[in-house]
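These notes concern the structure reproduced below.
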Amino acid sequence: QVQLVESGGGLVQAGGSLRLSCAASGRTFSSYAMGWFRQAPGKEREWVLITRSGVTYYADFVKGRFTISRDNAKNMVYLQMNSLKPEDTAVYYCAATARPNLFSPQSYDYWGQGTQVTVSS
């Protein structure tokens, strides 16, 4: 059992930055992939960044702008969001899975509650 809680969302002007945090509790496994997903109103939930076994995958729309990092001592994972655009407005979720399919939301067994990111133009 894994519990995930996101924080750090808010309102930011276009071009600004936010740092989202995901706090993990319960059991963790080295084989788990950790991902950030987002869902905008009227749209499907989509993956943003996923990391597993030292490899990070970036969605095309965030390359060069977003990075993922991890603090194992604190059981935290972070999403650093720079050069934010209004199109980035969404609820952002962290998620974890031990399944081999990394890119489908349906593959993820554990989810945080989500944190709202709103980017104004």
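Mind checking whether some residue in region 52-60 is at pLDDT below 90 and β-branched (Val, Ile, Thr)?
No, region 52-60 contains no residue that is at pLDDT below 90 and β-branched (Val, Ile, Thr).
Output the number of residues of region 80-99 satisfying the condition of being crowded, with 18+ Cβ neighbours inside 10 Å and in a strand (DSSP E or B).
9
Can you say whether residue 20 is assigned to a strand (DSSP E or B), aliphatic (A, V, I, L, M) and either open to solvent by 60 Å² or more (accessible area, probe 1.4 Å) or in contact with a Gly (Cβ under 6 Å, 6 or more places away or on another chain) (or both), as far as the supplied structure shows? Step through it out loud before you land on a result.
On the way: assigned to a strand (DSSP E or B): yes; aliphatic (A, V, I, L, M): yes; either open to solvent by 60 Å² or more (accessible area, probe 1.4 Å) or in contact with a Gly (Cβ under 6 Å, 6 or more places away or on another chain) (or both): yes.
So residue 20 passes the test.
Going by what's in this entry, would residue 79 be described as among the hydrophobic types (A, V, I, L, M, F, W, C) and touching a Gly at 6+ places or on another chain (Cβ under 7 Å)?
Working: among the hydrophobic types (A, V, I, L, M, F, W, C): yes; touching a Gly at 6+ places or on another chain (Cβ under 7 Å): no.
When the stated conditions are applied, residue 79 does not pass them.
If you check residue 106 against the conditions, is it touching a residue at least 24 places away in the same chain (Cβ under 8 Å), outside any strand (DSSP E or B), open to solvent by 70 Å² or more (accessible area, probe 1.4 Å) and out of contact with any helix residue (DSSP H, G or I) (no Cβ under 7 Å at 6 or more places or on another chain)? Lay out the reasoning, then the answer.
Working: touching a residue at least 24 places away in the same chain (Cβ under 8 Å): no; outside any strand (DSSP E or B): yes; open to solvent by 70 Å² or more (accessible area, probe 1.4 Å): yes; out of contact with any helix residue (DSSP H, G or I) (no Cβ under 7 Å at 6 or more places or on another chain): yes.
Considered against the rule, which asks whether it is touching a residue at least 24 places away in the same chain (Cβ under 8 Å), outside any strand (DSSP E or B), open to solvent by 70 Å² or more (accessible area, probe 1.4 Å) and out of contact with any helix residue (DSSP H, G or I) (no Cβ under 7 Å at 6 or more places or on another chain), residue 106 comes out as no.
Could you pull out the residue among 77, 5 that is of a type outside the set (Asp, Glu), touching a residue at least 24 places away in the same chain (Cβ under 8 Å) and open to solvent by 20 Å² or more (accessible area, probe 1.4 Å)?
Values: 77 fails: open to solvent by 20 Å² or more (accessible area, probe 1.4 Å).
Being of a type outside the set (Asp, Glu), touching a residue at least 24 places away in the same chain (Cβ under 8 Å) and open to solvent by 20 Å² or more (accessible area, probe 1.4 Å) holds for just one of 77, 5, which is 5.
Name every residue in region 56-74 that is open to solvent by less than 60 Å² (accessible area, probe 1.4 Å) and aliphatic (A, V, I, L, M), in order of residue number. Before you say what the answer is, go through the steps one by one.
The first filter runs over region 56-74 and keeps only residues open to solvent by less than 60 Å² (accessible area, probe 1.4 Å), leaving 56, 59, 62, 65-66, 68-69, 71.
Of everything in region 56-74, those that are open to solvent by less than 60 Å² (accessible area, probe 1.4 Å) and aliphatic (A, V, I, L, M) turn out to be 59, 62, 68.
The values are calculated or read from the model by the stated rules, or taken from the named source; none is laboratory data. As the structure is a prediction and not an experimental result, all values here were calculated from the model. Cβ sites come from the backbone with ideal geometry, for glycine too, and all protein chains shown count toward neighbours. Remember, those area values only see protein heavy atoms, side chains included, never the ligands or the DNA or RNA. Shrake-Rupley method; radii C 1.70, N 1.55, O 1.52, S 1.80 Å.
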